[in-house]
Amino acid sequence: MATEAFTLDDLKAILLEAAGADEAVDLDGDILDTEFEALGYESLALLETGGRIERTYQISLDDDALTGAVTPRALIDVVNAQLSAATSA
Amino acid sequence: MSASVVVTGLGVAAPNGLGTKEFWSATCEGSSGIGRVTRFDPSGYPARLAGEVPGFVAEDHLPSRLIPQTDRMTRMALAAADWALADAGVDPGELPEFSMGVVTASSSGGFEFGQNELRKLWSLGSHHVSAYQSFAWFYAVNSGQISIRNGMKGPSGVVVSDQAGGLDAVAQARRQIRKGTRLVVSGAVDASICPWGWVAQLTSGRLSTSEEPDRAYLPFDRDARGHVPGEGGAILILEDAEAARERGARVYGEIAGYGATFDPRPGSGRGPGLRRAIEIALADAAVEPSQVDVVFADAAAVPDLDRIEAEAITAVFGARGVPVTAPKTMTGRLYSGGAPLDLAAALLAMTDGLIPPTVHIQPSPEYELDLVLDEPRAAPVRTALVLARGHGGFNSAVVVRAAGQDAA
């Protein structure tokens with residue numbers, strides 16, 4: 001796969017829209033492997049984020065996959081896997 | 001004897017002033033915040049006037065994390081709680097988290113947030129509904145968000161009894177302090193000036209359909225024609241009097257007495273319960289009617305309800321026996337936020353020795369009330385009575401007493 005369809009910047013934009021940003025956290029820092037909880041996002045914020053990703057990219061994210069993705073890198077991987085599955089389907 | 005409970009901090013968001021100072025100076029000047037609705041186009045609705053809080057920009061007061069998950073009422077409640085804590089000189093981070101609680105009132109929950117999500121539901125589908133709808137509309141959400149923001153894990157909750165709830169919540173806060181909680185954030189902020197909230201309020205049949213801001217909400221006037229709805233309210237910091245004294249806190253006054261009754265079933269032949277609520281509150285405070293310096297009226301502006309209130313006041317205090325005022329003629333009725341705002345006004349009246357006026361009305365001669373009209377009245381205020389009634393039969397009364405004054 002040449003380029004990632006869903007990037008960290010895409011995720012950050014949706015996170016900000018869905019849940020804002022904790023004042024103590026720099027989303028522009030190296031956050032790929034920082035757990036969402038440490039970034040100040042609780043389960044509901046991630047549920048809202050997941051819902052927005054689904055609407056924007058017209059994909060369906062499995063509940064377990066969503067709750068299992070505890071870092072931005074893991075969530076980006078889940079989304080890209082869905083996107084490529086949707087493309088190849 | 002039960003522990004005294006005092007008010008040490010105020011936070012105000014009112015239609016005639018954002019902030020305690022702004023509200024109080026506007027109120028003493030007789031400056032009204034009632035005008036045509038701007039938050040939506042009211043032209044298709046029979047009622048078109050409201051008291052809207054001016055100049056509240058949530059992003060100026062709250063972190064971005066809270067914006068997507070909060071209704072306007074919650075944003076104003078959070079800001080007012082911040083101001084009240086600052087006013088009280090309390091840093092919640094320095095107190096044990098289980099020693100602080102939050103008890104607010106609510107009348108309808110976050111209607112504007114809910115309306116937006118319901119609109120998405122029917123126009124776009126369920127996937128477009130915010131996950132935050134699960135709590136953002138909810139009655140208890142202001143208490144919950146204030147609790148989370150300030151790390152307050154002591155006894156908390158919400159009271160829902162329309163306008164009376166603003167006093168019922170303060171009474172519940174006092175109960176929790178008497179049971180050992182050191183500090184409780186109380187009061188209420190409501191805001192449902194949106195089409196859905198408006199339609200819900202219209203069902204009461206009590207909204208004024210006048211389009212003249214100075215003729216629309218006229219309690220105790222022969223032309224009484226219902227009320228103008230408003231938004232906002234006040235958050236109060238309540239503390240155990242001893243604990244407040246130990247930390248050298250400035251004390252606005254004491255929540256000295258409380259009474260609540262429920263009206264009998266219509267047609268039962270039994271009288272309304274407001275008078276009894278007043279008597280219970282005075283007895284609870286160990287205050288004689290002659291010691292009360294001012295009554296803040298519920299001021300329904302529905303003729304039958306005005307008559308019931310005037311009769312209850314004169315039955316307890318005698319004809320023209322006590323100054324009566326309704327500064328809510330400048331804000332409209334704020335539902336759960338109304339009575340906490342009246343409590344704030346009563347406490348500020350004590351501080352300044354100034355009873356704020358009732359505006360716009362020509363009192364009907366049928367009511368034997370000493371109404372404070374148009375101009376504030378200079379008078380020592382040591383004890384004040386605040387009345388609030390909720391739709392469906394709720395009657396509540398609270399006696400506030402100036403600091404450093406024990407029961408007679």
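Using a Gaussian network for chain B with springs between C-alpha atoms less than 10 Å apart, which of these wobbles most: B:Leu95, B:Leu236, B:Leu49?
Comparing B:Leu95, B:Leu236, B:Leu49 in a Gaussian network model of chain B, the most mobile one is B:Leu95.
Which residues make up the longest stretch of chain A that has no GluC sites (Glu not before Pro) in a DSSP loop with at most 15 other Cβ atoms within 10 Å?
A:43-89
How many angstrom separate the Cα center of segment A:16-89 from the Cα center of segment B:83-146?
Their Cα centres are 24 Å away from one another.
Binning at 5 Å from 0, report for segment B:258-401 what percent of all alpha-carbon pair distances ends up in each bin.
All Cα pairs, binned at 5 Å, distribute as 2, 10, 21, 25, 23, 13, 4, 1, 0 percent.
For segment B:5-246, calculate the relative contact order in percent as a whole number, restricting contacts to Cα pairs under 8 Å that are 6 or more residues apart.
30
When Cβ neighbours within 10 Å are restricted to other protein chains, what is their mean count per residue of peptide B:170-180?
For peptide B:170-180, the averaged partner shielding equals 0.
Mind jotting down the distance between the C-alpha centroids of segment B:273-307 and segment B:354-408, whole Å?
Here the two parts' Cα centres lie 8 Å apart.
Return the percentage of antiparallel bridges among DSSP beta bridges fully within chain B, rounded to the nearest 5 %. Let's see the in-between values first.
Details: 42 of 62 bridges.
Counting DSSP beta bridges with both partners in chain B, the antiparallel share is about 70 percent.
Counting only C-alpha contacts under 8 Å and six or more residues apart, can you give the relative contact order of chain B as a whole percent?
Taking the mean separation of contacting Cα pairs over the length of chain B, I get 23 percent.
Considering only protein heavy atoms and a 1.4 Å probe, what is the carbon-and-sulfur percentage of the accessible area of chain A?
Summing carbon and sulfur atoms, their accessible area is 49 percent of the total for chain A.
What list of ³J(HN,Hα) values in whole Hz, one per residue of segment A:50-57 in order, does the Karplus curve 6.51 cos²θ - 1.76 cosθ + 1.60 (θ = phi - 60°) give from phi, with Gly and Pro shown as x?
x, x, 5, 4, 4, 5, 5, 9
Can you give me the long-range amide H partners of B:Ser161? Hydrogens built in the peptide plane at 1.01 Å from N, cutoff under 5 Å, separation of 5 or more residues or another chain.
B:Ser106
Accessible area drop of at least 40 Å² (1.4 Å probe, protein heavy atoms): which residues of segment A:26-58 qualify, relative to the chain alone?
Listed in order, they are A:Leu44, A:Glu48, A:Arg55.
Let me know the Kirkwood hydrodynamic radius for segment B:5-246, please, with Cα pairs as the basis and the value in Å to one decimal.
18.6
Can you tell me which of A:Ala24, A:Ala38, A:Ala13 moves the most in a GNM of chain A? Springs connect C-alpha atoms under 10 Å apart.
A:Ala24
In Å², what does the accessible area per residue of the protein assembly as shown work out to with a 1.4 Å probe?
About 40 Å² of surface per residue is accessible.
Report the residue, chosen from B:Leu202, B:Leu78, B:Leu343, that carries the largest GNM mean-square fluctuation when chain B is represented by alpha-carbon nodes joined by springs under 10 Å.
Per the Cα network of chain B with a 10 Å cutoff, B:Leu202 tops the list.
What's the longest bit of chain B with no exposed trypsin sites (Lys or Arg not before Pro), using DSSP loop states and at most 15 other Cβ atoms within 10 Å as the test?
Longest site-free region, per DSSP loop and neighbour criteria: B:1-152.
How would you rank B:357-364, B:187-194, B:104-111, highest first, on the average number of other Cβ atoms within 10 Å across their residues?
Details: B:357-364: 21.1, B:187-194: 30.4, B:104-111: 28.8.
Result, highest mean first: B:187-194, B:104-111, B:357-364.
How many percent of the accessible area of chain B is carbon or sulfur, using a 1.4 Å probe?
Using a 1.4 Å probe with all protein chains present, chain B comes out at 51 percent carbon and sulfur.
If you find the alpha carbon centre of segment B:14-71 and of segment B:193-216, how far apart are they in angstrom?
Using only Cα atoms, the two centres lie 16 Å from each other.
Ignoring ligands, DNA and RNA, how do A:Asp10, B:Asp221 rank by accessible area with a 1.4 Å probe, largest first?
These residues rank, largest area first, as A:Asp10, B:Asp221.
To the nearest 100 Å², how much accessible surface do chains A and B cover up together, summed over both, with a 1.4 Å probe? If you can, show how the numbers build up before the last one.
Values: alone 5410 and 15440 Å², together 19760 Å².
So the buried area, both faces added, is about 1100 Å².
Given 20 °C and 1.002 mPa s, compute D for chain B with the Stokes-Einstein relation, Rh being the Kirkwood radius over Cα pairs; round to the nearest whole µm²/s.
Once the numbers are plugged in, D ends up at 103 µm²/s.
The values are calculated or read from the model by the stated rules, or taken from the named source; none is laboratory data. Please read all numbers here as calculations on a predicted model, not as lab measurements. Here Cβ is always computed from backbone atoms with ideal geometry, including for glycine, and neighbour counts include all displayed protein chains. Accessible surface areas use protein heavy atoms only, side chains included; no ligands, DNA or RNA. Shrake-Rupley method; radii C 1.70, N 1.55, O 1.52, S 1.80 Å.
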